[in-house]
Amino acid sequence: MIIAVNQAEGEKSVEFVEKPQSIWTSIREAIRGSHQDFTEVSIGRAVLLLAVPMVLETCMESIFAVVDIFFVSRLGSAAMATVGLTEAMLTLLYSMAIGLSMGAAATVARRIGEKNPEAASVAAVQAILLGIGVAIPVGITGAMFAPRLLALMGASEEVISQGSGFTRIMFGGNATILLLFLINAIFRGAGDAAIAMRVLWFANSINILLGPCLIFGLGPFPALGVAGAAFATNIGRGMGVLFQISQLLRKNGRIKISRRHLRLDVPVMRTILKISGTGIIQSLVGMTSWLGLIRILSSFGSAAVAGYTVGIRIIAFAILPSWGMSNAAATLVGQNLGAKKPDRAEQSVWITCKYNLVFLGAVGFIFVLFAEHFIALFTKDPVVAPYGVDCLRLVSLGFGFYAYGMVLTQAFNGAGDTSTPTLINLFCFWLWEIPIAYLLAHRLKMGPGGVFIAITIAFSTLAVVSAIVFKRGRWKLRKL
């Protein structure tokens with residue numbers, strides 16, 4: 001800290017100015033875990049300290065998904081179909097987990113900003129109780145009716161015979177999915193992003209190491225086939241949840257849970273549920289809109305769908321750092337609103353948007369120029385590759401808009417205003433994107449390219465509408 005003495009008209013004032021830090025020093029601090037007050041430290045540094053571990057956290061989740069399907073693919077098409085169908089059924093659970101996470105993160109961030117860690121701990125416990133309350137009925141129902149659920153999804157007899165065990169285990173252990181999402185959101189809301197990062201790296205490392213052992217029977221482990229993948233996933237995530245709990249019980253964290261917090265607090269739980277309800281709908285709107293696009297694309301054949309899948313997978317992986325920056329903005333908004341600094345909260349969002357614009361703008365420029373080379377890394381099929389190139393190139397044209405849209409959406413959520421982005425998503429994806437995709441693809445005879453253009457138009461519209469609504473500032477008045 002540097003002390004600066006200002007002298008004006010005979011009066012002296014002492015001003016504390018933050019000592020500049022090198023970017024590498026800040027990155028090391030971010031990975032170790034920062035104890036800064038994010039409502040006081042410079043906004044640029046606050047974004048960096050929060051975004052770095054959040055980016056690494058999301059990257060590990062993506063690596064885990066790729067590695068997991070890599071091993072399962074060695075078991076044949078029935079095993080892959082089992083995983084795909086089960087993941088599709090778990091989409092509702094993921095939506096619940098994401099929605100509950102929005103409510104938990106926003107509430108905890110607000111209490112931390114108010115300098116009220118006791119209330120933050122109470123909110124954390126209520127969020128965890130909600131997660132357990134959702135997981136129990138889902139687990140019992142899914143485990144009991146796994147074969148029937150697979151049949152309803154159109155699974156063949158072979159898939160039902162080989163994959164029912166996998167589906168039972170995944171549903172039965174769904175609490176590990178919910179709690180891992182939820183408690184990490186609590187850590188992020190509190191500003192403990194490095195803990196959330198370490199939890200996910202720990203959990204997924206166990207899963208990646210244990211997966212091939214239980215699937216193929218390496219060493220002393222039994223060969224359980226596709227069910228082994230489910231066991232590995234639940235064991236890894238379960239260990240991650242235990243690690244999370246150990247961090248919540250420590251005495252030097254921002255969130256410190258003790259025996260007195262282990263009680264039902266209906267008003268706090270109601271607040272979290274109110275935010276989470278629209279958050280769940282918000283997540284479902286986005287997920288179901290992709291199903292609508294797939295339906296339109298499928299009318300042009302499997303090659304179009306395959307090319308789209310490759311292109312979107314590349315895009316999804318490339319924008320992971322943007323999700324980290326967006327989550328950082330959500331935490332900063334929640335904490336600064338709690339600290340009664342709404343202008344600083346707004347400034348944090350616009351600064352994060354600019355950082356995200358620089359990153360995504362550069363990525364989009366590279367994708368537009370070298371789309372063929374990126375697609376060639378995944379497929380050289382002369383029928384599939386052109387669709388993948390078109391998808392990657394056309395969707396990347398809107399990256400500059402996406403940079404703002406992603407951050408602004410999370411900023412609303414961080415303020416606890418999940419209803420605003422939900423309504424914007426409903427308009428942009430259901431009432432705008434899907435009709436435009438159909439119009440361009442079929443009526444104007446643009447084929448799959450029309451669908452890709454519709455994605456760019458929809459996400460760009462979302463960014464513009466979000467910016468207009470955000471500037472009105474009603475989110476600043478949101479009470480939690």
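Values in this text are rule-based calculations from the coordinates and carry no lab data. Predicted, not measured: the structure shown is a model, and the values here were computed from it. All Cβ positions, even for glycine, are placed from backbone atoms using ideal geometry, and neighbour counts span all protein chains on display.
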Enumerate the calculated ³J(HN,Hα) couplings along the range 186-198 in order (Karplus 6.51 cos²θ - 1.76 cosθ + 1.60, θ = phi - 60°), each rounded to whole Hz, writing x wherever the residue is Gly or Pro.
4, 4, 5, x, 6, x, 8, 5, 5, 5, 4, 5, 5
What's the Cα-based Rg to Rh of the range 55-264, Rh via Kirkwood?
1.01
Per 0.36 nm of contour for each residue apart, how much would the distance between A376 and T141 grow if the chain were fully extended, relative to their Cα-Cα spacing?
80.3 nm
Cβ under 14 Å from G324's Cβ, G324 left aside: what net charge do those residues give with Lys, Arg +1 and Asp, Glu -1?
-1
Put +1 on the Cβ of each Lys and Arg and -1 on the Cβ of each Asp and Glu in the chain; which of L248, W350, A306 then has its Cα farthest toward the positive end of the dipole?
L248
Grab the beta carbon distance between R28 and K471, set R0 = 35 Å, and tell me the FRET efficiency rounded to 0.05.
0.45
Please compute the modelled spin-label separation between F317 and T288, points set 7 Å along Cα→Cβ, answer in nm with one decimal.
3.1 nm
In degrees between 0 and 90, to the nearest 10, how far off the longest principal axis of the chain does helix 342-376 point, with axes built from Cα atoms?
30 degrees
When the helix-only estimate is applied to the chain (DSSP H runs of n ≥ 4, each -39,500 (n - 2.57), divided by the residue count), what is the mean residue ellipticity at 222 nm, nearest 500 deg cm²/dmol?
-25500 deg cm²/dmol
Cut-off 13 Å between beta-carbons: net charge of the residues surrounding I375, Lys and Arg +1, Asp and Glu -1:
0
Just the Kirkwood number for the range 195-328, please: inverse of mean 1/r across all distinct Cα pairs, in Å, one decimal.
19.2 Å
Looking at the range 89-137, what % of the alpha carbon pairs are farther apart than 16 Å?
41 percent
Can you order the peptides 353-365, 291-303, 393-405 by their average number of other Cβ atoms within 10 Å per residue, highest first?
393-405, 353-365, 291-303
In what sequence, highest mean first, do 445-452, 466-473, 325-332 appear when ranked by Cβ atoms within 10 angstrom?
325-332, 445-452, 466-473
Stretched out fully, how many nm does the piece from K251 to V358 gain, at 0.36 nm a residue minus the Cα gap?
34.6 nm
Estimated FRET transfer efficiency (F365, R74; beta-carbon r; R0 51 Å; 0.05):
0.85
Formal net charge of residues neighbouring A454 (Cβ-Cβ distance under 15 Å; K, R +1; D, E -1):
+2
Using only the alpha-carbon atoms, how far is helix 157-172 inclined from the longest principal axis of the chain? Give it as 0 to 90 degrees, nearest 10.
20 degrees
Consider the candidate values [x] 187, 53, 33; [y] 85, 55, 40; [z] 56, 56, 49; state which one is Cα extents along the principal axes in Å computed from the structure displayed.
[y]
The whole-number value in µm²/s of the Stokes-Einstein translational diffusion coefficient for the range 345-480, with Rh from the Kirkwood sum over alpha carbon pairs at 25 °C and 0.890 mPa s, is 152 µm²/s
Need the full-extension length gain, I63 to F221, defined as separation in residues times 0.36 nm minus the C-alpha distance. One decimal, nm.
54.5 nm
